[in-house]
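Visitor: Once you've had a glance at the structure underneath, I'll fire off some questions.
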Amino acid sequence: MMKRIAIVPAALGASVAPAFAHLDPTEHGSLMAGLSHPLFGSDHVLAMVAVGLWAALLGGRALWLAPLAFVGAMSTGFAAALMGAPLPFVEPVILASIVVIGLLAATALHVPAAIAAAMVGFFAFFHGHAHGGELGSAGAIAFGVGFALSTVLLHMTGIGLAHLFGGGAGRLAARVAAGAAALGGLWLVMAG
C-alpha cells in the first residue's frame, strides 16, 4: 500500500516537469528540429491538415496549387522574419487560419484554385513568420527545409483523409474532419 501512495507524488512531480516539445538543434541537428517543430504544435497541425482537406474537396488544380501556395508563402514569411521584418498580429492570425480554413473546408466552399491559393497563402505568411521568429540556435536553411517538408506531409495527410473513403462518404468525412479542425481552432482561441 505504501508503494502505491509513494507513486502518486512521483507522478505529480513528473507531470510538472518541463515539456520538450521540440528537438534541440544542437543535439539533433537543424533539419530534424525543423521537421519536428510543426508536428508538435496543434495550431500548425490543425491548419495544415485543414489546407489538405480543403484542397482535396476543391479538387482539380487546387489539389496541388493550394498546398504549394501555402508552402511558398510560408517560406517567404520565414525569410521575412529572418530579415527582421516586423509583422503584427502573428499569433491571432495563425489561430484565425485554423478556424477560417477549417470552415472553408467544412462548408466545401468552392472557389477558383487561384483564389484558394491566395487565401491560404495569406495565412501561410504568418505561419512562416512565426517559424522564423522561433528559430533559436537552429541553422536557418536546414530548419526551413525541415519545417517545409513537415508542412507538405501534413497537407498530404489532409488530402489522404479526404480520399480515404472515396466518393460521397469521403467528402462527408473530410467536411466533418475540417469542422473538427475549426472547432479545435476555436478551442485554442478560447484557451489563449
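Visitor: Could you give me the ³J(HN,Hα) list for the range 100-111, computed from phi with Karplus coefficients 6.51, -1.76, 1.60 and θ = phi - 60°, whole Hz, x at Gly and Pro?
Guide: Whole-Hz 3J(HN,Hα) from phi for the range 100-111: 5, 5, x, 5, 4, 6, 4, 8, 6, 4, 9, 10.
Visitor: I've got another one for you. Using the alpha-carbon centroid of each, what span in Å lies between the range 34-52 and the range 83-126?
Guide: Taking the Cα centre of each part, the range 34-52 and the range 83-126 sit 14 Å apart.
Visitor: Compute the signed sum of charges (Lys and Arg +1, Asp and Glu -1) over the other residues within less than 15 Å, Cβ to Cβ, of Val90.
Guide: Numbers: positive: none; negative: Asp43, Glu91, Glu134.
So the environment of Val90 carries a net charge of -3.
Visitor: Can I ask one more? Between Ala169 and Leu82, what's the calculated FRET efficiency when r is the beta-carbon distance and R0 is 45 Å? Round to 0.05.
Guide: Numbers: r = 44 Å, r/R0 = 0.98.
Rounded to the nearest 0.05, the efficiency is 0.55.
Visitor: To the nearest whole percent, what portion of all C-alpha pairs in the range 51-191 is separated by more than 21 angstrom? Can you show the working numbers first?
Guide: Working: 4068 of 9870 pairs.
The share of Cα pairs beyond 21 Å in the range 51-191 comes to 41 percent.
Visitor: Same structure again: Mind giving me the nanometre distance, one decimal, between the label points for Val145 and Phe89, set 7 Å out from Cα along Cα→Cβ?
Guide: 3.6
Taken together, the values in this text are just the output of simple stated rules run on the coordinates, not laboratory data. Predicted model, so just to flag it, every value in this text is computed and none were measured. Reconstructed Cβ throughout: ideal geometry from the backbone, glycine too, with neighbour counts over all protein chains shown.
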